[in-house]
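Structure record follows, encoded as structure tokens.
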Amino acid sequence: MILVKLGGSVITDKGRYRTFDPDAAGRLAEEIANTGQDVVLVHGAGSFGHMMAKEHRLHISVTESSQLLGASMVMSDVRELDLEVCRRMSAKGLPVVPISPASCAVMKDGALHRLDLEPFRSYLELGMLPVTYGDVVRDEARGLSICSGDQLMAVLAKEFGPSKVIFVTDVDGVFTSDPVQDPGAKLIERVDASVLGSLPRTERNVDVTGSIFAKIRYMIDMASLTGECLVLNGKVPGRLEAAIRGEDVIASRVIS
Ligand code: IPE
């Protein structure tokens, strides 16, 4: 089984509230379908999650009742994004089944504490392709918190031992600085804990789940279980498909 995360930056415009990219999602769906491999798919929230979550300070703690309405709106928005993604997948012949973290996960002080894996297991056995996503989830300490797609990837990688873990983003991999803003940014082909200190800690767009620094920390943990994680550019046609097939592609390889 191959574990793939479609980052919010590749399926949405992270700078414009609730802007889905149907072409990118449809093409990536086709690339996955072409390989015929068993995949578990996670996707980020992009502009369907981060902006509104920040406005209501859902990533800090939920102490005011007005935040509950904000949380509910984010839950609906990410579900809508998930529906768009799933529709593109099934249009390419992938038998997807959406699994909502709001119903099957529990957080504790911002960490993913419990995830009911039974639905993932049973749908996989049935030959279906589970799809889950970054969401707002109950938190035993904070009331509610944000469960990122990266946190879900870490737990799914641990439980299912995938043969490959692939993070799809809008740039070629992990860079020394933001390549969109800095033409001198260099691709880091092999990423391990030694580069953490030099990674940028800020993001181009609103991001309540942390900068590339936070994401790489999860990937390094995952790599200790799965060997390596690939970070690659999903805006370049064919790259995800080639990586799933095991071909050598332009990417960063995260190792532990
Ligand atoms: C964020 O999930 C979830 C919410 C803001 C509700 P991710 O952190 O996985 O999303 P992207 O990939 O950065 O957009």
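Computed from the coordinates by the stated procedures, all read-outs in this text should not be read as laboratory data. Because the structure is a prediction, the values reported are computed rather than measured. Methodologically, a virtual Cβ is constructed for each residue, glycine included, from the backbone with ideal geometry; neighbour enumeration extends over all protein chains shown.
Out of Gly227, Gly246, Gly184, Gly234, which single residue is within 14 Å of the ligand (Cβ to nearest atom) and more than 27 Å from Val137 (Cα to Cα)?
After applying the criteria, what remains is Gly234.
With a cut-off of at least 1 residues that are under 18 Å from Leu3 (Cα atoms) and out of contact with any Lys or Arg (no Cβ under 7 Å at 6 or more places or on another chain), name the helices (runs of 4 or more DSSP H) lying wholly within the range 38-132. Break it down into steps so the answer makes sense when it comes.
On the way: elements: 50-55, 66-91, 101-104, 118-125.
In the range 38-132, the matching helices (runs of 4 or more DSSP H) lie at 66-91, 101-104, 118-125.
Ser194 is checked against (1) buried (at least 16 other Cβ atoms within 10 Å of the Cβ); (2) farther than 21 Å from Gly8 by Cβ and fails just one. What number does that condition carry?
(1)
Can you name every residue in the range 2-49 that is within 13 Å of the chain's Cα centre (by Cα) and of a type in the set (A, V, I, L, M)?
Passing the criteria: Leu3, Val4, Leu6, Val10, Ile11, Val40, Leu41, Val42, Ala45.
Each row is one residue, and each column tells you yes or no for (1) under 20 Å from Asp221 (Cβ atoms); (2) within 16 Å of the ligand (Cβ to nearest atom); (3) in a strand (DSSP E or B); (4) touching a strand residue (DSSP E or B) at 6+ places or on another chain (Cβ under 8 Å).
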position	(1), (2), (3), (4)
Ser145	yes, yes, yes, yes
Asp150	yes, yes, no, yes
Ala154	yes, yes, no, yes
Lys158	yes, no, no, no
Val165	yes, yes, yes, yes
Gly173	yes, yes, no, yes
Ser177	no, no, no, no
Val180	no, yes, no, no
